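This report concerns only the one structure given below.
Derivation of every value follows stated rules applied to the coordinates shown; laboratory data play no part. These numbers come from a predicted model, not from an experiment. Cβ placement follows ideal geometry from the backbone for every residue including glycine, while neighbour counts extend to all protein chains displayed.
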Amino acid sequence: MMIVEQLESFLLLIDNLGGNAKPLLFAPPASDSEIQELELKLGYRMPEDFRNILLTISSHCEFKWFLPDDFELLPPIHQIFSGELHWGIEFILSFNESREGWIREVFSNPADEYDKVWYNKLIFQEVGNGDFIAIDLLPDSYGKIIYLSHDDGEGHGYVIANSFSELLHKWVELGCTGGEDWQWLPFCEDKFTGINPNSKNALVWKQAIGLI
């Protein structure tokens, strides 16, 4: 199933549950000139995997939903109430200017274990609580999807997926729960391997909302 079909199918499921399924926005791919202009402003070439998604899949995606207020889930997935996935070439510069601002004002010590997670990242998604989801630019972890928390969130520095393509494959399968870290952490078995859509908690979640 193509990603747009997966997203639309999940929104229909949420709607049938009585939740709030926002209209899906899935724009056409970006042009080469749009990508080159963005990279010129960033000062570097974006990771190929993400770049390819922008050029061949979509330049802008907005996917968001909320469960019904009275929908009950049991621990450890009881804190899930929504899901979102978004990216857009028009947002990337401002998101990364925000990251640089956080580094200047708060996370200014690259030798500090918490602060250094904010360095060498390309942000593509802003989370509702003020956190960010980013692509790692460090050589040893290049392309991995990393969570950036501004307020000591448990998911700070966690690998959500090993690449943007993997994110679309694995997170979309779960409806992109979150983006706040406490909504996707139940599907991570450790800090380094990312979301597992076939984990025990993932199967409980899928069954609870009628995916299986």
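Things worth noting here:
- Flag for Lys64 being under 21 Å from Ala202 (Cβ atoms), of a type outside the set (Gly, Ala, Ser) and touching a Lys or Arg at 6+ places or on another chain (Cβ under 6 Å): yes
- Count of the range 3-59 residues which are aliphatic (A, V, I, L, M), without any contact (Cβ under 8 Å) to a residue 24 or more places away in the chain and more than 30 Å from Asp69 (Cα to Cα): 1
- The range 160-183: number of residues that are touching a strand residue (DSSP E or B) at 6+ places or on another chain (Cβ under 6 Å) and either among the acidic types (Asp, Glu) or not in a loop (DSSP other than H, G, I, E, B) (or both): 8
- Out of Gly210, Gly157, Gly153, Gly178, sole residue that is within 23 Å of Ile103 (Cα to Cα), out of contact with any Lys or Arg (no Cβ under 9 Å at 6 or more places or on another chain) and among the small types (Gly, Ala, Ser): Gly153
- Under the condition of being in contact (Cβ under 8 Å) with a residue 40 or more places away in the chain, in a helix (DSSP H, G or I) and within 23 Å of Leu54 (Cα to Cα), the residues counted in the range 95-142 number 2.
- Among the residues of the range 184-203, those that are in a helix (DSSP H, G or I) and either surrounded by 16 or more Cβ atoms within 10 Å (Cβ to Cβ) or touching a His at 6+ places or on another chain (Cβ under 6 Å) (or both) comprise Trp184, Leu185, Pro186, Phe187, Asn201, Ala202.
- Output for the range 43-72, where each listed residue is surrounded by fewer than 16 Cβ atoms within 10 Å (Cβ to Cβ) and assigned to a loop (DSSP other than H, G, I, E, B): Gly43, Tyr44, Arg45, Pro68, Asp69, Asp70, Phe71, Glu72
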